[in-house]
1. Please compute the length gained on full extension between I68 and W7, using 0.36 nm multiplied by the number of residues separating them and subtracting their Cα-Cα distance.
2. How long is the gain from V90 to M112 if the chain were fully straight, where each residue apart is worth 0.36 nm and the alpha carbon distance is subtracted?
3. Using θ = phi - 60° and the Karplus curve 6.51 cos²θ - 1.76 cosθ + 1.60, what whole-Hz ³J(HN,Hα) does each residue of the stretch 125-130 get, with Gly and Pro shown as x?
Amino acid sequence: MGVSQKWFKFVRGKFLKSSSNRDIILPRKSACSDSSNHSEESILRNETFSFQDLSSVEVLTKEDIAAIKIQAHFRGHLARRAYRALRSLVKLQALARGVYVRNQVRIALDCMRALVRLQVRVRARQLLGACNHDSRVM
């Protein structure tokens, strides 16, 4: 955990040192901003605008943007790791099921062989019994 904290502090320090203007104004994407009288470009160009125009503008610092990017990358990393774990779990399940199915097939074949041997004995007895019975009659 210490390594990740050092990395985060390093990245945060770089953003803090390099940001002379720390506030960035981004337009908020919503239905109310489309229906307003002023376009987003005019809001960003003009320094004076009404209180109604503030509802369509969101102020984000560079730290906020950096935090959002870091969170997005970390969530992507977690998703990739979860997908890899899920993929390996599916492979492991397939392997285990394959072993189980092969054992079932082996047992079923052994039972079929036993039934075939029993059937051969019964047929042989029937044929021998029929031959012995015919020879006694004559």
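1. Values: separation 61, 0.36 × 61 = 21.96 nm, distance 1.58 nm.
Net length gain for the segment: 20.4 nm.
2. Computed gain between V90 and M112 is 4.7 nm.
3. Once θ is set to phi - 60°, the couplings for the stretch 125-130 become 4, 5, 5, 5, x, 5 Hz.
Here, each number is a calculation from the coordinates, and none is a lab measurement. Predicted model only: the values in this text are computed from it and were never measured.
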